[in-house]
């Protein structure tokens, strides 16, 4: 299970990123349960804190969404100094879409002890990701842009429940411990596929094209699953067997120690 890619995260802070608030996260979880009940994580209501560009994308008719995706390549200038953060694969179509929509608030970074408390009190599963090197993990917790990689089930951040598997995917042994954040909204891969089949043929064609572009594509082409999940209001895709991949960086809480 895997997807190639670097990183994303949070601005400022020390060498391992800006710290988050354990109490704040737990309060958000409580608010989510009060509003949407125990199934809050499976509600398709991810809006990146009411980001108007994302909401407009989500509300577009299918064929207009197809046009928007086709035009995204022409509307992102990857030579912009804002993207000069050391990441090689900003040209992956999902990265271009997230850049155009202005989505990218970063993962929440906790101390190792607070991460353990978050997992214990939230009941979230611990997941692992192996990185190509420590610099890639550093980017995940220190920079603002999303740095998704490519993958066979859709482009995004791939995670595994098995630490050994994550280490096998790492280049130098760097592995981060992760958990889903209060901003995570999860859809199963099977449900996503079913909904994609109901989209217009024009949108399905446009989505397939997004699954083939970008440099460094180490996996076979996909059919734009991540772009469609984002349109539906989801930013995490459950592919089964405990394996997940994220569409946006704010879907995760990460331990600062790695």
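What helices (runs of 4 or more DSSP H) lie completely within region 42-137 and have 3 or more residues being within 19 Å of the chain's Cα centre (by Cα) and surrounded by fewer than 20 Cβ atoms within 10 Å (Cβ to Cβ)?
Working: elements: 52-59, 62-75, 93-101, 112-122.
In region 42-137, 52-59 are the helices (runs of 4 or more DSSP H) which contain 3 or more residues that are within 19 Å of the chain's Cα centre (by Cα) and surrounded by fewer than 20 Cβ atoms within 10 Å (Cβ to Cβ).
Taking residue 202 and the conditions (1) modelled with pLDDT of 95 or more; (2) in a loop (DSSP other than H, G, I, E, B); (3) touching a helix residue (DSSP H, G or I) at 6+ places or on another chain (Cβ under 6 Å), which numbered condition does it fall short on, given that it satisfies the others?
(2)
Could you give me the residue pairs with C-beta distances under 6 Å whose first residue belongs to region 94-119 and is at positive phi, whose second residue is surrounded by fewer than 24 Cβ atoms within 10 Å (Cβ to Cβ) and at pLDDT 95 or above wherever it lies, and which are 6+ apart or on separate chains?
102/53
Please tell me if residue 190 is out of contact with any helix residue (DSSP H, G or I) (no Cβ under 8 Å at 6 or more places or on another chain) and either modelled with pLDDT under 95 or closer than 23 Å to residue 258 by Cβ (or both).
Working: out of contact with any helix residue (DSSP H, G or I) (no Cβ under 8 Å at 6 or more places or on another chain): yes; either modelled with pLDDT under 95 or closer than 23 Å to residue 258 by Cβ (or both): no.
Taking the combined requirement at face value, the residue does not satisfy it.
What are the residues in region 215-258 that are assigned to a strand (DSSP E or B), out of contact with any helix residue (DSSP H, G or I) (no Cβ under 8 Å at 6 or more places or on another chain) and over 13 Å from residue 94 (Cβ atoms), if any?
Matches in region 215-258: 243, 244, 252.
Test residue 69 against the stated conditions and say whether it is in contact (Cβ under 8 Å) with a residue 60 or more places away in the chain and under 18 Å from residue 212 (Cα atoms). Write out each step before concluding.
On the way: in contact (Cβ under 8 Å) with a residue 60 or more places away in the chain: yes; under 18 Å from residue 212 (Cα atoms): yes.
Taking the combined requirement at face value, the residue satisfies it.
Go through (1) more than 29 Å from residue 134 (Cα to Cα); (2) at pLDDT 95 or above and name the single condition residue 175 misses.
Against the list (1) more than 29 Å from residue 134 (Cα to Cα); (2) at pLDDT 95 or above, residue 175 comes up short only on (1).
Give me the residue from region 138-189 that is assigned to a helix (DSSP H, G or I) and in contact (Cβ under 8 Å) with a residue 40 or more places away in the chain and, out of that set, nearest to the chain's Cα centre (by Cα). Break it down stepwise before answering.
Kept after step one, since they are assigned to a helix (DSSP H, G or I), are these residues of region 138-189: 138-142, 163-169, 189.
Now narrow it down to the ones that are in contact (Cβ under 8 Å) with a residue 40 or more places away in the chain: 138-142, 165, 169, 189.
Details: 138: 16, 139: 14, 140: 11, 141: 13, 142: 15, 165: 19, 169: 18, 189: 15 Å.
Here the answer is 140.
Being at pLDDT below 95 and farther than 29 Å from residue 141 by Cα narrows it down to one of 34, 79, 39, so name that one.
Numbers: 79 fails: farther than 29 Å from residue 141 by Cα; 39 fails: farther than 29 Å from residue 141 by Cα.
Answer to the selection: 34.
Which residue pairs have Cβ atoms under 6 Å apart, sit 6 or more places apart or on different chains, and have a first residue in region 208-219 that is at negative phi and surrounded by 16 or more Cβ atoms within 10 Å (Cβ to Cβ) and a second that is modelled with pLDDT of 75 or more and part of a helix (DSSP H, G or I)?
Going by the 6 Å Cβ cut-off, the qualifying pairs are 210/69; 210/93; 210/227; 213/93.
The values are calculated or read from the model by the stated rules, or taken from the named source; none is laboratory data. These numbers were taken from a predicted model, which means no experiment stands behind them. Cβ sites come from the backbone with ideal geometry, for glycine too, and all protein chains shown count toward neighbours.
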